[in-house]
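These notes concern the structure reproduced below.
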Amino acid sequence: METITLGKNGPSVTPLCIGTWAWGDKLFWSFGEGYGQQELQAAFTTAIAAGVTFFDTAEVYGLGLSEKFLGEFLQQTQQPVQIATKFGPLPWRFSGESVADALTDSLKRLQLESIALYQVHWPFSFFLSQETLLNTLAEEVKRGRIAAIGVSNYSPAQMREAHQILAARGVPLAVNQVRYSLLTRQIEKDGTLATARELGVTILAYSPLAQGLLTGKYTPESAEKLSGARKFDPRFSKEGLQKIAPVISLLRSIGEKRDRTPAQVALNWLIAQGNVIPIAGVKTAEQVKQNAGALGWKLSDDEVAELENLSRPWLN
């Protein structure tokens, strides 16, 4: 399995990351209805067996349950696994000590002494200044509790500021975790991707399949049968699905030539951008197998360009 270095000199990780937002989350993902801890354990085991050993979580996912599940599953493998988690700069956190305490709590839930990547979940920090927050994280790198520092949802200007504060401490900014897929390409237009490349920052792409739109399983004909949040999302309406039909058709056509699914082609397109790691959310072993099928092969330059061209309306 090829690996990617996070940032300029961070840990080496697999080119695909397993997302664990749904692990224990009842509010958005109805944890406990149709899937539970057993399915998550099977998903974890399947990922490790497939050689995908990079997992992304956050203290807020399942209100700590996602980290706890990962901590339990980690005890059952001898394989080296890289964990990324996220800190939320909440209103009652206004000191460096509160940042260090949050990391301590995450490490306890994960049953680890250190993690590969610690990320700031969003840029708005209420009473906690970026200087205090990032200087505390730089201290934690020196202490050895985190190997690399990342941010999430930061604009180009916010990324530059974070990079500058950390650089003064001799610590690189390794990651910016942002929404990115063939159907959400705004980071190419607003300068986020270009700034990340300039600063040597790796992009972690969340929602790489656009909430399932790029799997090809949603069609204009099935729009009326949708339930849950998708029922109210205009992208999943009959008109919305008709709009993306040419992209799905091209993904399917490329996939058929290579014996791959549309989702696997869409994930491979992100990897082909260079220094971009898709975070594929999973709940089951089958979903892990599907996503792992994006690895071990490469789209041709012509295929990458064709997909780039057809998905240009989603740059805005």
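The values are calculated or read from the model by the stated rules, or taken from the named source; none is laboratory data. All figures in this text were calculated on a predicted structure; none of them were measured in a lab. Neighbour counts run over all protein chains shown; Cβ positions are idealised from the backbone, glycine included. What goes into the accessible areas is simple: the full protein's heavy atoms, side chains included, and nothing from ligands, DNA or RNA. Shrake-Rupley method; radii C 1.70, N 1.55, O 1.52, S 1.80 Å.
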Checklist outcome for this item: Two pseudo-spin positions, 7 Å from Cα along C-beta at Thr77 and at Arg160, lie apart in nanometres by 4.0
Checklist entry - If the limit is 22 Å between Cα atoms, which of Lys26/Lys68; Lys86/Lys298; Lys26/Lys231; Lys86/Lys217 go over it? => result Lys86/Lys298; Lys86/Lys217
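Please report, in debye to the nearest 20, how large the charge dipole of the chain is about its Cα centre when each Lys and Arg carries +1 at its beta carbon and each Asp and Glu carries -1 there. Working shown, then result.
Values: 31 positive and 31 negative charges, 55 e Å.
The dipole of the chain has a size of about 260 debye.
Of all the accessible heavy-atom surface of the chain, with the other protein chains kept in place and a 1.4 Å probe, what percent is carbon and sulfur?
Details: 7360 of 14180 Å².
The C+S portion of the solvent-accessible surface of the chain is 52 percent.
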Checklist entry - Which number do you get for Rg(Cα) / (2.2 N^0.38 Å) in the chain? => result 0.98
Next on the checklist: So with the 1.4 Å probe, I'd like the accessible area per residue for the chain, rounded to whole Å².
Outcome noted: 45
Checklist entry - How much length is gained on full extension from Ser95 to Glu33, taking 0.36 nm per residue of separation minus their Cα-Cα distance? => result 18.4 nm
Checklist outcome for this item: Here the FRET efficiency for Ala49 versus Gln111, based on Cβ atoms and R0 = 30 Å and rounded to 0.05, is 0.90
Checklist entry - Points 7 angstrom from Cα along the Cβ direction at Ala245 and Leu310: gap in nanometres? => result 1.4
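In what sequence, largest accessible area first, do Val276, Val141 appear using a 1.4 Å probe?
Numbers: Val276 0, Val141 40 Å².
Ranked list, largest accessible area first: Val141, Val276.
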Checklist entry - In terms of modelled amide H atoms, which long-range or inter-chain residues lie less than 5 Å from the amide H of Val120? => result Phe87, Gly150, Val151, Ser152
Next on the checklist: Using the basic label-point model (7 angstrom from Cα toward the beta carbon), what is the Lys189 to Arg230 distance in nanometres?
Outcome noted: 2.5
Item to check | FRET efficiency estimate (nearest 0.05) - Cβ-Cβ, Arg197 to Lys217, R0 25 angstrom | outcome: 0.15
Checklist entry - Can you give the relative contact order of region 1-151 as a percent, counting alpha carbon pairs under 8 Å and 6+ residues apart? => result 21
